[in-house]
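First comes the structure, then the notes that go with it.
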Amino acid sequence: MVHKRQGSGVIAGALFAFYMQICYNIAMKAIKRLIETSLFAIFVCLAFSACSGIIGYSVVLWNIPEQRIADGEIVPVYLKSNISHVYVIEVPETKEKIEVPLWKLSSPLSRGKAEKLAKSYGSYEHKYAKCLLDGLPIRAESVNTAKQVYRLRQNEIIRVLAKGTGVAPTNGKANLEGEWLQVLTSNGTKGWCFSLNLKLFTMKADGSFNTGDRELATEDENLDLILNESWYPEYFGEMLTTKKINLEYMNESFFFKPGKDTGRVEISLPDTSVSFDYKGIKKVSDSNYDFTSSPVQVSVRSSSKIQVRFTDEGGKTKVRNFVSSKVVENLPGILEGVRSKKMEEFSSIKNFGPDFSSSSYGYLSFSGSLPKQHFFWSDYGLLVPSIISSENSSEGSVELKYILPASLEGSWDGILTLKFDGDKKEVNLLYKKETGGLRLCPAKVIREYNASKGIDDIIVTKSPSALVMFFKK
């Protein structure tokens with residue numbers, strides 16, 4: 001019995017020791033993994049604080065827009081992490097230490113060798129390319145029979161490093177036009193691609209593009225929308241919806257033009273008109289874009305609406321909304337229709353008269369046509385100064401400027417806006433064509449500035465006690 005108990009104790013002890021060894025091994029692996037990941041940043045900081053020194057110099061192969069570091073720059077490298085797949089470098093201007101993906105830099109070299117490598121890439125400094133063909137191959141060498149190392153997607157952007165020598169591909173009869181280019185993809189693949197189906201462009205350190213390169217550089221639908229649409233003030237759409245179009249505020253002179261081909265953005269509105277040159281367009285977020293070197297930012301709200309932030313002539317920040325031609329289709333045709341309708345309306349008054357008279361309020365006559373519509377009014381002494389200024393002449397221009405509100409539509413045909421020569425003040429009169437003559441009544445026009453739209457909200461009212469005048473034809 002003693003021997004059996006002793007044997008059982010030896011076995012139990014061995015099993016316990018084996019179990020403890022397994023636990024120890026698992027624990028050590030976990031500690032090692034923790035050190036390699038969670039404590040990596042601590043080791044980096046300790047390395048810097050101990051002034052561990054530079055391990056070499058690398059050439060930037062793909063720009064680093066967050067820090068405005070352009071490709072071709074040489075930067076000091078302090079650390080390489082194969083775990084996080086980053087280099088730790090020093091930003092030239094700020095001396096800040098940052099992490100950069102391995103593929104964006106060349107392998108660390110001596111300063112002299114790094115300068116020599118940068119010089120070899122100098123002919124294609126800041127040059128990138130957009131792939132025009134889906135499945136275009138990148139090869140290990142500059143020959144069409146070399147191993148394929150990557151297949152490009154249509155519209156994919158790559159970095160161009162240098163030009164090579166090699167045998168041009170053929171179409172079966174003759175060599176294709178183009179040249180072999182050494183390129184780098186955004187996943188770090190380096191190889192050779194024939195240039196026939198590539199469109200080269202320049203990308204700046206901050207990620208923006210030159211004026212002529214923006215269309216090539218972007219596969220961004222929002223940016224394409226901004227650059228390629230025609231943009232009008234948002235209230236254009238509201239006027240079309242309500243069918244109350246005020247030509248004072250809705251015409252061809254009000255717009256937002258992004259300057260796709262000129263590099264000059266233009267904003268023309270009733271309360272401001274400004275334009276700015278810009279050097280490129282930088283994507284700030286998924287739907288926000290900065291027109292670099294200008295005070296203009298654009299946000300895409302939908303497929304037919306954008307918001308533009310800018311500074312006016314006085315340096316005050318303004319925000320305005322614009323809608324695309326999807327909302328305002330055929331603006332010239334719309335405006336021509338409104339003008340024709342107003343011409344017909346004035347002609348109907350003129351043809352109804354054109355001369356009208358009242359024993360109390362004088363003689364009134366209409367003449368001309370758009371854009372020069374005239375009136376003549378004499379012997380209006382009883383209307384001075386309550387309606388007409390005592391200093392006014394006897395003639396001037398007439399417009400059908402304001403829209404009759406729904407509350408007055410049953411009683412009146414419209415609103416005549418008279419301006420006596422030499423006087424900027426408007427005389428607004430409701431009118432109604434009746435058997436034997438023309439009925440007129442003063443209308444009160446209230447204009448309240450709408451800061452969000454940059455135009456006046458216009459309210460037309462009639463006082464219950466307003467004077468009603470009848471002119472016989």
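The values are calculated or read from the model by the stated rules, or taken from the named source; none is laboratory data. Note that the structure is predicted; figures quoted are calculated from it, not measured. Cβ placement follows ideal geometry from the backbone for every residue including glycine, while neighbour counts extend to all protein chains displayed. Accessible surface is based on the protein model in full, side chains and every heavy atom, while ligands, DNA and RNA are left aside. Shrake-Rupley method; radii C 1.70, N 1.55, O 1.52, S 1.80 Å.
Accessible surface of the chain, 1.4 Å probe: 52 percent of it comes from carbon and sulfur atoms.
You can think of it this way: the chain between MET343 and SER293 has 13.4 nm of extra reach, that is 0.36 nm per residue less the Cα-Cα gap. Here the range 401-473 yields Rg over Rh of 1.02, to two decimals, using C-alpha coordinates and the Kirkwood radius. With all pairs of separate Cα atoms included, the range 119-259 yields a Kirkwood hydrodynamic radius of 17.9 Å. These residues, PHE276, PHE291, go from largest to smallest accessible area, 1.4 Å probe, as PHE276, PHE291.
Relative to 2.2 N^0.38 Å, what does the C-alpha radius of gyration of the range 259-299 come to as a ratio? Two decimals please.
On the way: Rg = 10.7 Å, N = 41, 2.2 N^0.38 = 9.0 Å.
My calculation over the Cα atoms of the range 259-299 gives 1.18.
Measuring max minus min along each principal axis, the C-alpha atoms of the chain give extents of 138, 82, 45 Å (largest first).
Summing Lys and Arg as +1 and Asp and Glu as -1 over all other residues whose Cβ lies under 11 Å from the Cβ of GLY207 gives a net charge of +1.
Just so you know, the Rg over Rh for the range 307-358 is 1.34, from Cα atoms, with Rh as the Kirkwood radius. Over the range 332-473, the alpha carbon radius of gyration divided by the compact-protein estimate 2.2 N^0.38 Å works out to 1.05. Diffusion coefficient of the range 207-308 by Stokes-Einstein, Kirkwood radius over Cα pairs, 37 °C, 0.692 mPa s: 228 µm²/s. In this structure the chain gives 54 Å² per residue of accessible area when probed at 1.4 Å with all protein chains present. Derived from the Cα gyration tensor, the three semi-axes of the equivalent ellipsoid of the range 83-201 are 30, 16, 13 Å, largest first.
Where does the charge balance sit around LEU438 when Lys and Arg score +1, Asp and Glu -1, over other residues with C-beta under 14 Å from its C-beta? Numbers along the way, then the final one.
Numbers: positive: LYS350, LYS432, LYS433, ARG439, LYS472, LYS473; negative: GLU345, ASP355, ASP413, GLU434.
Summing Lys/Arg as +1 and Asp/Glu as -1 gives +2.
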